[in-house]
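Take a look at the structure below.
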Amino acid sequence: MKAVTWQGKRDVRVETVPDPTIQDPTDALVRITSTALCGSDLHLYEVLGPFMGKGDILGHEPMGIVEAVGPDVTGITVGDRVVIPFNIACGRCAMCAAGLQSQCETTQVRSEDKGAALFGYTKLYGEVPGGQAELLRVPFADYGPVKVPDGPPDDRFLYLSDVLPTAWQAVRYANVPPRDSLAVVGLWPVGQMACRVALHLGIGPVFGLDLVPDRLERARALGVETFDVTDGSDEAIDAIRERTDGRGPASVIDAVGMEAHGDAVGKFAHDASGMLPDAVAAPTMERAGIDRLAALRTSVDLVRRGGTISIVGVYGGMADPLPMMTLFDKQVSLRMGQANVRNWIDDLLPLVVDTDVLGLETFASHHVALDEAPEAYHRFQRKEAGTFKVVFQP
């Protein structure tokens with residue numbers, strides 16, 4: 001089969017690799033019909049190379065048609081149309097029962113002291129072959145895959161794999177009081193989706209902060225009050241405080257994470273670690289890594305006293321200098337973590353099955369063949385040609 005493989009920093013290639021096979025009784029094989037490029041994939045493309053292996057298959061936002069199932073799989077059958085959650089969970093352990101599938105005790109990568117295994121996402125999370133490929137082996141297929149109806153285009157359902165439940169969890173974790181305000185820092189796909197979810201739930205006003213004109217325009221079209229932070233966030237923070245009786249928004253979602261702009265120390269740490277041999281860089285990043293924290297600092301400054309910050313952007317540093325005095329003084333609540341996809345599916349299916357409430361069918365900016373993945377990664381990383389959300393169609 002063809003698959004998108006990691007070969008080094010800013011180097012992905014489409015190669016022919018062996019087809020996956022059924023290995024365990026609860027496995028399924030899914031022929032991929034659509035698979036998306038996520039902002040988190042850029043962490044592998046740019047920053048997390050020390051935790052990658054040459055030839056690793058990328059991608060964690062796939063859907064397709066079931067081609068084969070193991071003998072213990074009863075919930076789906078050959079020919080079913082399914083979406084695959086990005087985290088791999090058993091559905092039977094204590095963590096899964098508690099709705100924390102991202103901490104599944106069966107697939108936890110204990111050797112790295114990490115949570116549940118993820119598709120296509122580094123040695124830290126199991127180095128499981130990902131979904132930017134023509135075929136995908138799906139472990140625990142008796143629990144994970146989400147069956148969806150025939151008829152609507154893939155884009156109606158594809159984002160159930162990651163973007164939609166991640167945004168939904170971010171808004172739920174933000175704990176916005178009724179009829180109160182929310183700010184979203186970072187208007188990439190998850191931030192944009194969080195805005196859509198918040199508006200659908202009647203939260204408002206919703207403020208959006210970013211520095212890319214295309215993203216700001218997309219959010220404005222939804223009814224989000226947008227702020228360009230190209231020259232820093234101070235003016236935006238002042239303007240939002242004016243709109244919220246001088247207090248700031250009740251809740252803030254940090255949808256940026258380690259790719260934040262404007263932090264020279266963090267950028268230097270990322271670049272310096274990238275120059276080290278992998279055997280040195282990996283433990284250095286795990287024990288002493290520093291993230292670029294501009295977005296998180298903006299969130300801390302922006303949120304009102306007694307408010308909540310929901311962190312959905314991925315961070316990877318182990319020595320990040322948090323502004324603890326400010327967090328403590330402002331009595332800020334923090335919630336964060338990988339989305340527990342399966343926990344939210346019952347809430348989300350009604351929003352996608354009968355109607356396209358959130359406008360998912362027009363969410364992607366580009367649909368391209370799998371062979372175009374290297375160029376798509378390049379454009380996405382450089383924010384070129386309006387590249388907002390790319391869907392590969394193998």
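The values are calculated or read from the model by the stated rules, or taken from the named source; none is laboratory data. Remember, predicted model here, so these are calculated numbers, not experimental data. Cβ coordinates were reconstructed from backbone atoms using ideal geometry, including for glycine residues, and neighbour counts include every protein chain displayed.
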For segment 180-221, which residues satisfy the criterion of being surrounded by fewer than 22 Cβ atoms within 10 Å (Cβ to Cβ), at pLDDT 95 or above and among the small types (G, A, S)? G202, A221
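With segment 166-249 as the region, which helices (runs of 4 or more DSSP H) entirely inside it contain at least 1 residues that are more than 19 Å from L360 (Cα to Cα)?
Hits in segment 166-249: 213-222, 234-243.
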Would segment 96-109 turn up any residue that is free of Cβ contacts under 8 Å to residues at least 24 places away in the same chain, surrounded by 20 or more Cβ atoms within 10 Å (Cβ to Cβ), touching a Cys at 6+ places or on another chain (Cβ under 6 Å) and outside the structural domain of M258 (by TED's automatic domain parsing)? yes
Of residues in segment 1-41 being at pLDDT below 95 and either closer than 19 Å to N87 by Cβ or not assigned by TED's automatic domain parsing to the domain that holds K383 (or both), the one surrounded by the most Cβ atoms within 10 Å (Cβ to Cβ): C38
Hey, among E46, E61, which residue is among the charged types (D, E, K, R) and modelled with pLDDT of 95 or more? E61
Scanning for something touching a helix residue (DSSP H, G or I) at 6+ places or on another chain (Cβ under 9 Å), closer than 20 Å to L118 by Cβ and touching a residue at least 12 places away in the same chain (Cβ under 8 Å), does segment 15-33 turn up at least one residue? yes
Helices (runs of 4 or more DSSP H) wholly inside segment 287-386 that include at least 1 residues being under 23 Å from F86 (Cβ atoms): 294-302, 341-352, 373-382
Within segment 110-156, count every residue that is part of a helix (DSSP H, G or I) and either free of Cβ contacts under 8 Å to residues at least 40 places away in the same chain or out of contact with any Lys or Arg (no Cβ under 8 Å at 6 or more places or on another chain) (or both). 7
